[in-house]
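Notes to accompany the following structure.
The values are calculated or read from the model by the stated rules, or taken from the named source; none is laboratory data. This is a predicted model, so every value here is computed, not measured. Note that each Cβ is placed from the backbone with ideal geometry, even for glycine, and that neighbours are counted across all protein chains shown. In case anyone asks, the SASA skips ligands and DNA or RNA and just uses the protein heavy atoms, side chains included. Shrake-Rupley method; radii C 1.70, N 1.55, O 1.52, S 1.80 Å.
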Amino acid sequence: MTNPVLVEVTRGNVVESAHRGAVAVYEADGKPLLEIGDTARPVFPRSAVKAIQALPFVESGAADAYGFGEKELALSCASHSGEPEHVELARSMLAKAGLDETALECGTHWPSNHEATIALARSGGSPGALHNNCSGKHSGFLCTCRHLGIDHRGYVAAGHPEQEMVREAMESVTGAVHDAEHRGTDGCSIPTYAVPLRSYALGFARMVTGKGLPPERAKAAQRLLKACMAEPFLVAGTDRADVALMQAAPGRIFVKTGAEGVYCAAVPELGVGISLKCDDGASRGAEVMVAAVLSKLLKTDGTLAAKLTELANPALENRKGLKVGALRPAGALA
């Protein structure tokens, strides 16, 4: 099945490029509210499911044992930009568990935030594992291991007790089997599993409502999503789409991007979960798609829908800052 064009990129009045994709919107009881394209195709969720992967961090009692609040919970679900606030918070999380940056097994890269990279380079510094966009999630993994008395070395490997807890949470929440046949390795070295795209929409509907989950898991899920909505900057960073979308309606929208054009989201007041995949892996296409879907779902709030529609139609500018085109929803999202 060929997925439909859902985003067009214009230059002047001419469509220059297009992005195809698939979208699923589900209720917690498994009822689909919207399906576009092939939502049964297995997709690696990448970082879009970090809130589910963080469930053992809360359920184990580790987050409370170390006195963590919404800021730390939000960072444990983050793909942050490596800005100073992100780095220092991850550092403090590790310190509470008696660890430091050397315990992280997520790898190293420069901050994705340009200003943070320039500042680090000018100071004569070099990037470390704390600058990795996944260092908050990995700090949560490490704190969980320490709290439970598990040897944290090798915690990123498939079969390690930490990753088995994460896999069990993913299976429980999404209702999809996560097996070795569909396993890959994520950018931060932990296992990632390809399951039907629609499973993530169902999973986030369960996360936001608690329906279909054991009481403690439901409580942890809603606590994590609430923390992300309360601290969107810590989930992403300066000028990031996730921040703009969650700040458009504080406490009413949860969104989380993933690599290769994946997005997951939830709308608490509607009790629905959203998942989508931009086929070519382009973040710009996925960002337009998720904003357009949210605008449709929240259309009864005219002011909010207008904000979301604006985010779904970003201008395309040249090097001089002149508007030369735009991105816009197309097809079923137009």
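Miscellaneous remarks
- Hey, residue 233 closer than 19 Å to residue 78 by Cβ, touching a strand residue (DSSP E or B) at 6+ places or on another chain (Cβ under 6 Å) and among the aromatic types (Phe, Trp, Tyr) or not: no
- Residue satisfying all of: in the stretch 11-65; of a type in the set (Asp, Glu) and closer than 30 Å to residue 162 by Cα; most open to solvent (accessible area, probe 1.4 Å) among these: 29
- From the options 290, 267, residue that is under 16 Å from the mean Cα position of the chain (by Cα) and under 24 Å from residue 81 (Cα atoms): 290
- Remark: pairs (first residue in the stretch 41-62, assigned to a helix (DSSP H, G or I); second residue open to solvent by 20 Å² or more (accessible area, probe 1.4 Å) and of a type outside the set (A, V, I, L, M); Cβ separation under 7 Å; 6+ apart in sequence or on different chains) = 46/260; 47/257; 48/257; 55/217; 58/223; 59/216; 59/217; 62/147.
- Restricting attention to the stretch 317-331 and to residues that are surrounded by 17 or more Cβ atoms within 10 Å (Cβ to Cβ) and out of contact with any Lys or Arg (no Cβ under 7 Å at 6 or more places or on another chain), the residue that is farthest from residue 34 (Cα to Cα) turns out to be 328.
- When the stretch 224-262 is filtered for residues that are within 22 Å of residue 23 (Cβ to Cβ) and of a type in the set (D, E, K, R), the ones remaining, listed by number, are 240, 242, 252, 256, 260.
- The set of residues in the stretch 100-124 being closer than 22 Å to residue 191 by Cβ and touching a helix residue (DSSP H, G or I) at 6+ places or on another chain (Cβ under 6 Å) consists of 103, 104, 106, 108.
- Failed condition for residue 281, given (1) under 21 Å from residue 192 (Cα atoms); (2) crowded, with 19+ Cβ neighbours inside 10 Å; (3) small (Gly, Ala, Ser): (2)
- Inter-residue pairs, beta-carbon under 8 Å, first open to solvent by less than 50 Å² (accessible area, probe 1.4 Å) and in the stretch 171-183, second part of a helix (DSSP H, G or I) and among the hydroxyl-bearing types (Ser, Thr, Tyr), 6+ apart: 174/199; 174/200; 176/199
- Only a single item in (1) in contact with a helix residue (DSSP H, G or I) (Cβ under 6 Å, 6 or more places away or on another chain); (2) within 20 Å of residue 307 (Cα to Cα); (3) of a type in the set (A, V, I, L, M, F, W, C); (4) surrounded by 22 or more Cβ atoms within 10 Å (Cβ to Cβ) is not met by residue 249, and it is number (4).
- Looking across 128, 187, one residue alone is within 19 Å of the chain's Cα centre (by Cα), open to solvent by 10 Å² or more (accessible area, probe 1.4 Å) and within 24 Å of residue 236 (Cβ to Cβ). It is 187.
- Residue check, residue 260 modelled with pLDDT of 95 or more, within 23 Å of residue 132 (Cα to Cα), open to solvent by 30 Å² or more (accessible area, probe 1.4 Å) and of a type outside the set (Ser, Thr, Tyr): yes
- Within this structure, residue 295 passes the test of being buried (at least 19 other Cβ atoms within 10 Å of the Cβ), without any contact (Cβ under 8 Å) to a residue 24 or more places away in the chain, within 28 Å of residue 195 (Cβ to Cβ) and among the small types (Gly, Ala, Ser).
- Check on residue 115, over 26 Å from residue 180 (Cα atoms), within 24 Å of the chain's Cα centre (by Cα) and among the acidic types (Asp, Glu): yes
- Criterion (under 22 Å from residue 133 (Cα atoms), open to solvent by less than 10 Å² (accessible area, probe 1.4 Å) and either modelled with pLDDT under 95 or touching an Asp or Glu at 6+ places or on another chain (Cβ under 8 Å) (or both)) met by exactly one of 221, 205, 241, 236: 236
- For the stretch 163-208, taking the residues that are touching a strand residue (DSSP E or B) at 6+ places or on another chain (Cβ under 7 Å) and β-branched (Val, Ile, Thr), the one that is nearest to residue 40 (Cα to Cα) is identified as 195.
- Every pair of residues 6+ apart whose Cβ atoms lie under 8 Å, when the first sits in the stretch 103-126 and is over 24 Å from residue 47 (Cα atoms) while the second is part of a loop (DSSP other than H, G, I, E, B): 120/110; 120/111; 120/126; 120/127
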